[in-house]
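The structure appears below as structure tokens.
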Amino acid sequence: MKTIKVIFAALLTSYGSLAQIAIDTKFAGGNVIVEQILGDTVYFKPDLRDTEGEWFYWYFRAVSNEPKTWFFKAIKPNVLTNMGAVYATDGGLTWQWIPREQHLNDDLFSFTFTEPDQAARFALAPPYIQANFERFIEPYQKDERVEISTLCQSNQGRDVEKLLISDFEREPTSKMVILARAHSCEMMSNYVLEGIMSALLNGSTKMEKLLSQSELMIIPFLDKDGVENGDQGKNRLPRDHNRDYRGESIYATTKTLREIVPDWTEGLPWVGIDLHNPWVKGEGHEWVYIVGNANPKVEKAQKRFAEILVAESRSDIPLRMQDLFLAYGSSWNTGNNYEKGWPFSKWAASFADENMLMSTTLEFPYALVYDEVVTPEKARAFGKDFIYALALFMEEQTP
Ligand SMILES: [Zn+2]
């Protein structure tokens with residue numbers, strides 16, 4: 001199980017009292033390695049655990065015994081987003097980006113504790129764990145359009161939720177699968193997913209129509225263990241969840257999905273959406289994009305969907321067609337990327353000659369979309385646009 005780290009440092013303040021800071025990760029999603037605390041600076045890095053290569057997810061709590069400004073220095077590059085970090089002073093319920101003046105450079109931020117023994121949590125971007133999902137879904141527990149069950153037990157024995165959403169009044173004529181958190185660090189996907197689900201259930205004419213024709217299967221946490229343990233998940237050894245769709249699956253969730261989705265779609269036209277977040281920052285990682293599929297038929301459908309998404313966009317998240325579609329064969333999106341196994345999108349595309357209309361990976365950034373600052377609220381608003389666009393796409397494809 002997770003080791004619990006509490007690291008204290010003390011220094012004599014100018015008033016002669018002893019300032020102390022304690023750092024820990026004793027909560028769901030927690031992740032950090034504190035290398036040292038020197039003077040008023042905490043030197044930290046992400047705990048990579050079973051990750052191949054570097055990655056950047058971290059989330060810790062700090063308690064300062066007295067009001068004081070502390071500095072937090074990442075000892076590796078590319079650990080902070082271009083917005084620095086998020087903080088919460090209410091135990092992790094609400095998050096904000098640190099003020100710009102406290103984002104001191106690419107690897108350094110500060111925070112001023114204003115009360116004795118104040119606790120603040122800091123993270124790469126606003127964390128989203130099981131407890132967030134439970135708070136979100138509570139008002140829908142008795143909604144007859146939502147059927148919540150268990151996809152399977154995770155490899156570590158946790159229940160993995162499966163939601164079916166439809167009006168269940170007549171036989172559906174299409175199906176949609178939406179997945180999140182194949183990579184456990186990619187929390188922004190769940191804010192997009194909250195936007196998708198609350199839009200679906202908002203009672204609007206368009207969504208009522210969609211629910212009368214389609215049935216959606218939503219898996220909010222594909223790597224539930226990684227989410228709760230605070231793992232990176234990306235490039236996990238011995239296998240990344242999103243390379244587990246060929247040969248024998250080693251994860252219960254991917255194995256179960258591969259078994260049930262072909263039966264559940266029962267010959268009806270369907271789409272498969274896999275929600276992801278890109279790299280931490282920089283060119284190509286600070287805009288929304290769809291990963292072009294190698295299958296030309298699927299690629300054509302993705303491009304059409306991208307056009308609809310741009311046209312239907314109402315949220316503050318800017319979309320540009322030239323960036324929104326990343327063609328297969330360009331940037332990192334090449335065959336080499338799939339040598340270690342198939343991702344969901346490629347597996348789903350293997351049904352393209354049958355009834356699968358479109359499978360796609362969607363990449364939604366952690367902190368910035370061009371100059372627009374990402375927040376949970378804006379990610380939810382994008383999610384709403386996304387499902388409205390998907391409804392139109394489905395209407396067009398299945399007249
Ligand atoms: Zn991912």
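Values quoted throughout were computed directly from the atomic coordinates according to the rules given, and no laboratory measurement underlies them. Model, not experiment: these values are computed from the prediction. Counting neighbours? That spans all protein chains shown, and the Cβs are built from the backbone with ideal geometry, glycine included.
Descriptive notes on the structure:
- Among beta bridges identified by DSSP and lying wholly in the chain, the antiparallel ones come to about 70 percent.
- Too-long pairs where the Cα-Cα distance tops 26 Å, listed order kept, from LYS142/LYS346; LYS255/LYS300; LYS209/LYS384; LYS340/LYS378; LYS76/LYS303: LYS142/LYS346; LYS255/LYS300; LYS340/LYS378; LYS76/LYS303
- Of the residues SER214, SER149, SER249, the one that moves most in a GNM of the chain with alpha-carbon contacts below 10 Å is SER149.
- Spatially proximal lysines relative to LYS73 (Cα-Cα < 25 Å; intrachain offsets below 8 disregarded): LYS2, LYS5, LYS26, LYS45, LYS234, LYS281
- Global form of the stretch 130-397, assessed from the alpha-carbon gyration tensor, a/c cut-off 1.5: rounded
- The stretch 318-328 - phi-based ³J(HN,Hα) in whole Hz, Karplus 6.51/-1.76/1.60, Gly and Pro as x: x, 10, 10, 3, 5, 9, 5, 10, 9, 4, 4
- ASN355 versus GLN20: modelled label distance in nm, points set 7 Å from Cα along the beta carbon direction: 6.4
- Each eigenvalue of the Cα gyration tensor of the stretch 7-123, multiplied by 5 and square-rooted, gives one semi-axis; in descending order these are 22, 15, 14 Å.
- Sorting CYS152, CYS185 from the fewest to the most surrounding beta carbons within 10 angstrom yields CYS152, CYS185.
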